[in-house]
Amino acid sequence: MTKLKPIARHREAHWQSYRRLPAYIVPARWRHWLLDRGSLTQRLLAASAGQFRVRVLSQTIAKPRRTEAQALGIPSQHLAVVREVVLYGNDQPWVYARSILPLSSLTGRLARLRKLDERPLGAILFADPSMRRGKLELARVLPARVALPPQLGIFDTPLWGRRSVFYIADKPLLVSEIFLPTFSPANTVPNDLSGHH
């Protein structure tokens, strides 16, 4: 019996500008998490009362996926540090994050980003005075059709994710964040939404 190759596993999520998505498509309980332009690390720290940690799944030098290279404005054969982590709150896996740090961006003071260990990338980005954030893109991710790290386990719930390009000293870095089914803060609306726009 021939084994079927899991071709579908490597399909990419369909990212699109949230302005092009009809409002009703994104469930209300996800909107304020997906569209917030502030530091997700800070929000997760607050939501978990400080019970927050980063688990690095992998950090390698590789070619970005096609749409990642397009978002970064680099040729697809350019190498980047590809970092995949899970952000935990209250000992639950809350967010899977994939960051693409082109080697061409990791020069000068950004060279330190080559060795991030367990430090959250978001905290470093938001602490940098030169940081600016590009437009937010959202995706409804179907785990059966999109390649997710096997360490996340298997689930068939559609997931919501977002990604954006950050510029530090005008050098681009791409961060994608996918909220996992165990992300409990989505069920609670924060007291103060006004401060997050």
Whichever residue in the range 60-73 is part of a loop (DSSP other than H, G, I, E, B) and at negative phi and, among such residues, is modelled with the lowest pLDDT: R65
Answer residue from the range 184-197, given it is in contact with a helix residue (DSSP H, G or I) (Cβ under 8 Å, 6 or more places away or on another chain) and within 21 Å of L136 (Cβ to Cβ) and is modelled with the highest pLDDT among those: P185
Candidate set: the range 100-159, residues that are of a type in the set (D, E) and closer than 21 Å to Y88 by Cα; chosen: the one farthest from the chain's Cα centre (by Cα): D156
The listed residue being surrounded by fewer than 19 Cβ atoms within 10 Å (Cβ to Cβ) and either part of a loop (DSSP other than H, G, I, E, B) or at pLDDT 90 or above (or both), out of L138, L116: L116
Complete set of residues in the range 146-187 that are without any contact (Cβ under 8 Å) to a residue 40 or more places away in the chain and β-branched (V, I, T): I154, T157
The range 1-55 - residue that is in a loop (DSSP other than H, G, I, E, B) and aliphatic (A, V, I, L, M) and, of those, modelled with the highest pLDDT: A49
Search result, residues across the range 119-135 that are of a type outside the set (D, E) and in a loop (DSSP other than H, G, I, E, B): R119, P120, P129, S130, M131, G134, K135
Qualifying residue in the range 74-82 (condition: among the aliphatic types (A, V, I, L, M) and part of a loop (DSSP other than H, G, I, E, B)): yes
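The values are calculated or read from the model by the stated rules, or taken from the named source; none is laboratory data. These numbers were taken from a predicted model, which means no experiment stands behind them. Glycine gets a Cβ as well: all are built from the backbone with ideal geometry, and neighbour counts include every protein chain shown.
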